[in-house]
Amino acid sequence: MEITTKEKIDIQWDAPYFKGNKTSGIYCFPWCTSHSNEKIIVEFNTRKEAEEEGYKPCEHCCSIVPEGSWIDSEYHLIINLPIEFDIKANLGYLLREENECMFEIEGETITRVIAVEENRSLVLIHANDKQQLVVHFLGETRPKTKSKRAEVVRYIREWFDLDNDLTPFYEMAKKDPLLMKPVQDFYGLRNVGIPDLFEALCWGVLGQQINLSYAYTLKRRFVEKFGQLVEWNSKKYWIFPTYEEVAKLTIEDLADIKMTVKKCEYIIGIAQLMVNGELSKESLMKMKDFKRVEKSLIKIRGIGPWTANYVLMRCLRFPNAFPIDDVGLINSIKTLANMDRKPTKEEIMEYSIPWKDWESYATFYLWRVLY
């Protein structure tokens, strides 16, 4: 039987299986000697399967990121990149709006804070000529333990969707009448994500029924008023506000931002659901079923089908997420198909038939045509 590209990646990076300790809720590589009481061990085929069942990775064996996908050194981290990654294509996307407040780009270098639990790491990221990202920690922000540095690696891998094999997408797209030009123009672009669920939901709410530029203005006001920061070389690097802090706010606290009252209510309500434990990324991912997760999101006040699919694309990484009513998607199809009118929903559904299980990436590349 021929081994698929995905299976080759799993064999290269992962163990043949993972073992989970039912008492501690920790999963490990099979050769790890920690958490190894054989009477309470359960086996998982993949790391993802273990995490969907609520297990956390073992700090000792560092199974938090694929084995062999990164190198830990005293001065920097190195993240091995898939072949289908081009730093210029991704920087081009990140530079599409000058008012971005969550990172800074100079030349081909990204500087940003990566916040993982209590750790605040200010990192400088650039690509070398060996198809790798090099990550430097600035100031005194390098995590002291390897497991915490692995968390930084994991965030970056999730941010750039590095664990997704795009070969099947490109094979499909190069024959598709709408996608062939975008994938040629932006080859190597990943679906740049928003790993934090609260940030993704807030960004979805902020962007409702306004243009992209004003959405970035609202985000900057929100972040700079309620977020934390790391200061280095007289510059401020911002961290998105936590749901714990936002849950304590009132509508009056948000008045200076000039969001609609409804959006203020939605964001505070989402934060309160997360504080109460009624909403979390882990609980949504554990559902596994796309429709079930979509319905759970739509039940939240302020989250409609567009916002739900946006979060399913950018944060939860469902490949079949498809915000079919998105204005940018509609306008991009109109442009690429040389139409003198907007395509109907039925026409978009017809165009999307070959995109099955790649609707998320198809949408992202079509967005890139305009933004």
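The values are calculated or read from the model by the stated rules, or taken from the named source; none is laboratory data. Just so it is clear, the model here is predicted, and its values are computed rather than measured. Every residue, glycine as well, gets a Cβ built from its backbone with ideal geometry; the counts of neighbours run over all protein chains shown. Ligands, DNA and RNA are excluded from the accessible area calculation, which covers all protein heavy atoms including side chains. Shrake-Rupley method; radii C 1.70, N 1.55, O 1.52, S 1.80 Å.
Just order 350-360, 262-272 by mean Cβ neighbour count inside 10 Å, highest at the front, would you?
Numbers: 350-360: 16.6, 262-272: 20.0.
For the peptides 350-360, 262-272, the packing ranking is 262-272, 350-360.
What is the magnitude of the charge dipole of the chain about its Cα centre, with +1 placed on the Cβ of each Lys and Arg, -1 on the Cβ of each Asp and Glu, and no other charges, expressed in debye to the nearest 20? Using only the charged Cβ atoms, the result is roughly 540 debye. Using only the C-alpha atoms, the convex hull of segment 194-236 corresponds to 93 Å³ per residue.
Report the Stokes-Einstein translational diffusion coefficient (µm² s⁻¹, integer) for segment 236-366, Rh taken as the Kirkwood radius over Cα pairs, at 20 °C with viscosity 1.002 mPa s.
Details: Rh = 16.7 Å.
Stokes-Einstein gives a translational diffusion coefficient of 128 µm²/s.
Probe of 1.4 angstrom, ligands and nucleic acids ignored: what's the accessible area per residue over the chain, in square angstrom?
Working: 18470 Å² over 371 residues.
Result: 50 Å² of accessible area for each residue.
Across every direction, the projection of the convex hull enclosing the Cα atoms of segment 228-285 has a mean area of 5.4 nm².
Overall shape of segment 156-274 was characterised from the C-alpha gyration tensor. The equivalent ellipsoid obtained from it has semi-axes of 34, 18, 14 Å, in decreasing order. Run the accessible area of segment 256-371 with a 1.4 Å probe and give the carbon-and-sulfur part as a rounded percent. Carbon and sulfur together cover 53 percent of it. Can you tell me the relative contact order of the chain? Whole percent, Cα pairs under 8 Å, sequence separation 6 or more. Rounded, it is 14 percent for the chain. Measuring nothing but alpha carbons in segment 253-298 and taking Rh as the Kirkwood radius, the Rg to Rh ratio lands at 1.11. Per residue, the average separation of C-alpha pairs within less than 8 Å and at least 6 apart gives segment 186-310 a relative contact order of 24 percent.
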